[in-house]
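**Student:** Please read through the structure below; I'll follow up with questions.
The values are calculated or read from the model by the stated rules, or taken from the named source; none is laboratory data. Since we're looking at a predicted model, the values are computed, not measured. Neighbour counts are summed over all protein chains in view; Cβ atoms, including those assigned to glycine, are modelled from backbone coordinates with ideal geometry.
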Protein chains: 2
Amino acid sequence: MSFASLDALCRRLEALDHAQAMLGVDEAVNMPDGGGEKRADAMAALAGMSHEMASAPHIAEWIDKAETEDLDEAQQAAVREFRRSYVNLTCLTSEFVGRQVNARIRSEQLWRALRPKGDWKDFLPSFENIVALAREEAQMRAAVLRLDPYDAMIEQYDPGSRADEIAKVFADLKSFLKGFIPKALEAQAERRAKRPLKPFNATFPIEKQKALGLSLMRAIGFDFNHGRLDISHHPFCGGVPSDVRMTTRYRSDEFLSSLMGILHETGHGLYEQNLPKDLSPWPSAKARGMAAHESQSLFQEMQLSRRREFWEFALPLAKQHLGAEHFKGFEVDDMLAHVHRVERGFIRVDADEATYPLHVILRFELEQELISGKLAAKDVPEAWDAKMRDYLGLSTIGNPKDGPMQDVHWPSGAFGYFPSYTLGAMMAAQQWAALSRTHPTVSDDIRRGDFTAINDWRRTNIWSKASTLSTPELMRQATGEPLSARHFEAHLKERYL
Amino acid sequence: MSFASLDALCRRLEALDHAQAMLGVDEAVNMPDGGGEKRADAMAALAGMSHEMASAPHIAEWIDKAETEDLDEAQQAAVREFRRSYVNLTCLTSEFVGRQVNARIRSEQLWRALRPKGDWKDFLPSFENIVALAREEAQMRAAVLRLDPYDAMIEQYDPGSRADEIAKVFADLKSFLKGFIPKALEAQAERRAKRPLKPFNATFPIEKQKALGLSLMRAIGFDFNHGRLDISHHPFCGGVPSDVRMTTRYRSDEFLSSLMGILHETGHGLYEQNLPKDLSPWPSAKARGMAAHESQSLFQEMQLSRRREFWEFALPLAKQHLGAEHFKGFEVDDMLAHVHRVERGFIRVDADEATYPLHVILRFELEQELISGKLAAKDVPEAWDAKMRDYLGLSTIGNPKDGPMQDVHWPSGAFGYFPSYTLGAMMAAQQWAALSRTHPTVSDDIRRGDFTAINDWRRTNIWSKASTLSTPELMRQATGEPLSARHFEAHLKERYL
């Protein structure tokens, strides 16, 4: 039975994944610095074993034979997804992987050293090498997958998503946002003239912030029997579906950045916790990809937790945990003024939900040209600046630190990843629209802090599907239509105008 | 190069060990209950991979060939130890290992359920099976190792230790203790008549206890850049040499049990942290075995930290961290009255350093007879009772919960492990004697909280040797004589009479 062989292999790979995931969490949360070197050795060795096992040549035969065996639907989906991941895993030669891993590590290290100084000149040779390798990689992937080179890169992160489809929705969104943002800023100024932003002038002890975060996570449906919340320098959602490890970072002069971060990561956590547990070793039972995952965190953060009804529910809890004395005269509108801020800025990770997509579209457009060869690595700063001026009215010329040197993605060789963020934002808005159609009382639910029906919808339509469908097909089946920008645009208009 | 193949294998095994060690720590310290099932699956799969890799048949050839290669001393030691561990790992048939693993898991589970009720009758069939398997195991090991069956079992835990040598030292110690304990109890009563035991009537907040524990660990030489202290239900010292994870458990009504536990585990931790780091993947660079490890924790706890000079150093720190108000009228003698208590009892893990060896000798004598077949599993309660009455004047008849059902070792199939505890205690006393001979000012060092010279001696004579010598040879080289009971006996007389 070849399927049985694949199944046994999946169980071993799951154990290695489990170990790597938990070692990663421990490294970020608990590990003393001196443990780092040996930890890195162990992680590299485990990754090597995992790759070796998952890419062994005889697996191709197992997959071929398994496809001829008498399998149920779930098993067929597992074989399908196993083929997809096997092909993606094996389409690069090991000679190339060796060259690329080295170049990536060196480039990322160099970037970390040069970024604070904004030293583009010294970074460029390394970046040119990375771009050349990415082009080579895209060609290799494209040849095996029979896709366009850039599509073959996206395929790693969002199976089934294609650049020409993305470009259409992004073009729509871009033209909308260029007109929308000035209007949103104007509307915001008017609101603030009527109701000035109330600052928090208080110290919020970490223990109290944590208690508030935990109480909201619990209300939202995070299962603390299968997960926990810790502290790390960079917040993340890691671990395994049976034991999801979320982290946050607290600052005591304000509580909203940590709290909104917790709510965002809880969206990732719910997805992981609600994947089909009994099929967990199979690739078909894993989360679908980066855009789908981001759609879940943004659904939680943007669609649910920055909504007025959510703050009708959450403001009393915040008062209770943090002390009502810090919220004197605060109404829900005052909280919304904090969580609905629009501002043009240089830095993607600091951007709000309205300006964020323009940062992503800029990168999407540039990396397509980088992969196709239309754009040379050395010309990136000028191209970046031109688009920043066009989309956000900001110039980054002479300021590469706040321009093309701000993200780790390209220095570490990840091309094709950026679109996921904005695909996720649009998917989240479209899911919210679909959910609202079938559950007209959803706003009342949120106001009461009752997420049962909402989570049932998400479980049925997204979480339980895991990787049995491509990213576009997952969206089509969940929402009854292909991905479009219109729901996200409607959402922005409703919230900010 | 066969040595190069062994070396590469060692690095992969080290990564798997690293993962298993850290997953074990995480399970005890952080994991939510619901994560347990998948964690167990992952641990079992990693253990399986590790065993498969470490016992592959071609390794025998690598070892043979490596022995003919031109190797330096450290490499030769690595090959020697690799052969020893390979032979120990492969001397059981996989058919037998399968049967035994199942029986052990079921027997341990049954024991956990029946122990609270002291239900020996229902446990007996499972225990008889475990004993039968242990006899079979001992025979198999003996045939390959050309040792007596019980020696072959000990060999897993303390390479080079032999039952007849142990029996001689234990006989000496037993006859000493049977006379010594009544005298020690009498002397204790006299001391208490003069100076009644001062109770602590206070609440000691966990944070303050932790700060005291950390300050003593730091003073003693624990490296917090390569380790940390956490909380778990059962205290342990785990992790890897580059990242030692110690745990304790606090109760707020007293601080000494947790503190002495921390000092004990710190002894284990120092051993791990001071193994030769640059050779870490090789088996020759690991800690020597159970007795050697226990000698390090007991050296720290019994030889150093229950000594008068240690409390001259530690009492001011305890006052500083826990609050001087709880120590009103406390002198060093009052602390010593707490940490030098002798009391006959049923339970080994609750025993003091004077009565503990009798618990061990009882088990050592019974398990030899169990393995040889002289004693039947069903007759253990009577044999246990007879020895308890003889050695400690306590009867356990009709009370198997406080008799043969108290320990996890036999129910989980571990025979040959028990002697390690008392071997460790004697080794620690003998190490202290050797250290005191070469460093006459050692008591002053302790009084000042300066452990530099002490740790230098331990590093040179024990820690840096790792597994390059057998347990008896390690002791011989470190102390200039073979293991004997006399230093431990002298230590007890000095402390308790």
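**Student:** Considering only residues that are among the hydrophobic types (A, V, I, L, M, F, W, C) and more than 18 Å from A:G221 (Cβ to Cβ), which ones fall in region A:416-456?
**Tutor:** A:F418, A:L423, A:A425, A:M426, A:M427, A:A429, A:A433, A:A434
**Student:** Tally the residues that are within 30 Å of the chain's Cα centre (by Cα) and among the polar types (S, T, N, Q), restricting the search to region B:174-215.
**Tutor:** 4
**Student:** For A:K328, work out the one condition from (1) over 30 Å from A:P125 (Cβ atoms); (2) modelled with pLDDT of 95 or more it doesn't fulfil.
**Tutor:** Single failed check for A:K328: (2).
**Student:** Still on this structure, please answer the following. Residues in region A:264-275: is at least one buried (at least 20 other Cβ atoms within 10 Å of the Cβ), more than 24 Å from A:E81 (Cα to Cα) and touching a Cys at 6+ places or on another chain (Cβ under 7 Å)?
**Tutor:** Looking for residues that are buried (at least 20 other Cβ atoms within 10 Å of the Cβ), more than 24 Å from A:E81 (Cα to Cα) and touching a Cys at 6+ places or on another chain (Cβ under 7 Å), one finds at least one in region A:264-275, hence yes.
**Student:** Scan region B:192-203 and give yes if some residue there is away from chain A (no Cβ under 13 Å) and under 15 Å from B:L270 (Cα atoms), otherwise no.
**Tutor:** No; the residues of region B:192-203 include none that is away from chain A (no Cβ under 13 Å) and under 15 Å from B:L270 (Cα atoms).
**Student:** Hey, any hits in region A:116-125 for a residue that's within 14 Å of chain B (Cβ to nearest Cβ) and either surrounded by 15 or more Cβ atoms within 10 Å (Cβ to Cβ) or of a type in the set (S, T, Y) (or both)? Step through it out loud before you land on a result.
**Tutor:** Step one: filter region A:116-125 for residues within 14 Å of chain B (Cβ to nearest Cβ), giving none.
The answer is no, given that none of the residues of region A:116-125 is within 14 Å of chain B (Cβ to nearest Cβ) and either surrounded by 15 or more Cβ atoms within 10 Å (Cβ to Cβ) or of a type in the set (S, T, Y) (or both).
**Student:** While we're looking at this one, here's another question. State the number of residues belonging to region A:258-274 that are within 14 Å of chain B (Cβ to nearest Cβ) and more than 17 Å from the chain's Cα centre (by Cα).
**Tutor:** Qualifying residue count, region A:258-274: 1.
**Student:** For a quick check of your reading of the model, give me the residue pairs whose first member lies in region B:49-62 and is under 17 Å from B:R84 (Cβ atoms), whose second is of a type in the set (F, W, Y) and assigned to a helix (DSSP H, G or I), with beta-carbon atoms closer than 6 Å and at least 6 apart or on different chains.
**Tutor:** Taking only residues 6 or more apart or on different chains, the pairs are B:I59/B:Y86.
**Student:** Shifting gears a bit: (1) free of Cβ contacts under 8 Å to residues at least 60 places away in the same chain; (2) of a type outside the set (S, T, Y); (3) not in a loop (DSSP other than H, G, I, E, B): which one isn't true of A:M302, the others all being true?
**Tutor:** With respect to (1) free of Cβ contacts under 8 Å to residues at least 60 places away in the same chain; (2) of a type outside the set (S, T, Y); (3) not in a loop (DSSP other than H, G, I, E, B), A:M302 is out only on (1).
**Student:** Looking only at residues in region A:417-451 that are of a type in the set (S, T, N, Q) and in contact (Cβ under 8 Å) with a residue 60 or more places away in the chain, which one is surrounded by the fewest Cβ atoms within 10 Å (Cβ to Cβ)?
**Tutor:** A:S443
**Student:** Considering only region A:248-296, state which residues are among the charged types (D, E, K, R) and closer than 15 Å to A:I462 by Cα.
**Tutor:** The answer is A:E272, A:K277, A:K286, A:R288, A:E294.
**Student:** For region B:161-202, give me each residue that is polar (S, T, N, Q) and surrounded by 11 or more Cβ atoms within 10 Å (Cβ to Cβ). Show your work before the answer.
**Tutor:** In the first step, residues of region B:161-202 are kept if they are polar (S, T, N, Q); the result is B:161, B:175, B:188, B:201.
Selection gives B:S161, B:S175, B:Q188.
**Student:** Determine if region B:286-299 includes at least one residue that is assigned by TED's automatic domain parsing to the domain that holds B:E473, touching a residue at least 12 places away in the same chain (Cβ under 8 Å), more than 26 Å from B:L173 (Cβ to Cβ) and surrounded by fewer than 16 Cβ atoms within 10 Å (Cβ to Cβ).
**Tutor:** There is no residue in region B:286-299 that is assigned by TED's automatic domain parsing to the domain that holds B:E473, touching a residue at least 12 places away in the same chain (Cβ under 8 Å), more than 26 Å from B:L173 (Cβ to Cβ) and surrounded by fewer than 16 Cβ atoms within 10 Å (Cβ to Cβ).
**Student:** Here's a follow-up. Would you please name the residue that is farthest from the chain's Cα centre (by Cα), looking only at residues in region A:241-257 that are buried (at least 20 other Cβ atoms within 10 Å of the Cβ), free of Cβ contacts under 8 Å to residues at least 60 places away in the same chain and more than 14 Å from chain B (Cβ to nearest Cβ)?
**Tutor:** Restricting to residues being buried (at least 20 other Cβ atoms within 10 Å of the Cβ), free of Cβ contacts under 8 Å to residues at least 60 places away in the same chain and more than 14 Å from chain B (Cβ to nearest Cβ), the top hit is A:Y250.
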